[in-house]
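Peer 1: Take this structure, written in structure tokens, and hold onto it; I'll ask about it next.
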């Protein structure tokens, strides 16, 4: 699979966050409070990067919509009504993407519908993983550290690098292939 510049940038950013926040793996699984806090920071920041990555993919796909309409109009099918509808739809869909707040499957599927994807091309296990990831991220974002289960660095690395990132790369290629 060919890595796109946008995905490479996401991967580089996550690698940088990993370097800054993930402690060296301890075979005994013993980490300090500061290391657990750093893992929470890693989870929150990676979540934000993933959320923005998906939103940008959808925004770029929406950006191709006016180009398609312009080519349709150039073939003689232009009218003030069509122009007004295109402007309105484009503006409303962009507002919808900007209002997104999460990476759970519902958030992802809701953003993909306006660009013609209904989720059948996505891996169901990945969507379930994103639901879990969104839930645990919410726990760390909205609760005291004492109220949540500490994040195991090895488990978090596997989650991000093995289960989430490869499917995000596929998603980018899928969205990029839309006509």
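Throughout, read-outs are computed from the coordinates displayed, never taken from laboratory work. Since the model is a prediction, treat every value here as computed from it, not as a measurement. With ideal geometry, Cβ positions are generated from the backbone for all residues, glycine too; neighbour counts draw on all protein chains shown.
Peer 1: Could you state the number of Å between the C-alpha centres of segment 93-149 and segment 31-69?
Peer 2: If we compute the Cα centre of each part, the gap is 10 Å.
Peer 1: How big is the Rg/Rh ratio for segment 131-179, C-alpha atoms only, Rh by Kirkwood, two decimals? Present the calculation step by step, with values, prior to reporting the outcome.
Peer 2: Working: Rg = 14.6 Å, Rh = 12.7 Å.
Computed over Cα atoms, the ratio is 1.15.
Peer 1: Against the longest alpha carbon principal axis of the chain, how many degrees, from 0 to 90 and to the nearest 10, is the axis of helix 80-98 turned?
Peer 2: Helix 80-98 sits roughly 0 degrees off the main axis of the chain.
Peer 1: I want to verify a result. In a Gaussian network model of the chain, Cα cutoff 10 Å, which of these has the top mean-square fluctuation: 67, 157, 128?
Peer 2: 67
Peer 1: Further, regarding this structure: Sort 159, 174 so the one with the fewest other Cβ atoms within 10 Å of its own Cβ comes first.
Peer 2: Ascending number of Cβ neighbours within 10 Å: 174, 159.
Peer 1: Among 167, 51, 92, whose mean-square fluctuation peaks in a Gaussian network model of the chain (Cα, cutoff 10 Å)?
Peer 2: In this elastic network of the chain, the residue with the biggest mean-square fluctuation among 167, 51, 92 is 92.
Peer 1: Of 121, 142, how do they rank once you tally other Cβ atoms within 10 Å and put the fewest first? Walk me through the intermediate numbers first.
Peer 2: Working: 121 12, 142 9.
So the residues, fewest neighbours to most, are 142, 121.
Peer 1: If you don't mind, another one. Sort segment 23-92 into rounded, prolate or oblate with this rule: let a ≥ b ≥ c be the square roots of the eigenvalues of the Cα gyration tensor; rounded if a/c is under 1.5, and if a/c is not under 1.5, prolate when a/b is larger than b/c, oblate otherwise.
Peer 2: It comes out prolate by the Cα gyration axes.
Peer 1: Using Cβ counts within 10 Å as a stand-in for footprinting exposure, how do 170, 95, 104 rank, fewest first? Intermediate values should be presented prior to the final figure.
Peer 2: Numbers: 170 16, 95 9, 104 19.
Exposure proxy ranking, most exposed first: 95, 170, 104.
Peer 1: Only Cα pairs within less than 10 Å get springs; with that Gaussian network setup on the chain, which residue of 12, 35, 169 has the largest fluctuation?
Peer 2: 12
Peer 1: Something else now. As a test of the formula, what do you get for the chain when each DSSP H run with n ≥ 4 contributes -39,500 (n - 2.57) and the sum is divided by the residue count, at 222 nm and rounded to the nearest 500 deg cm²/dmol? Before the final figure, lay out each step's value.
Peer 2: Details: 7 runs with 121 residues, N = 179.
One gets -22500 deg cm²/dmol as the mean residue ellipticity at 222 nm.
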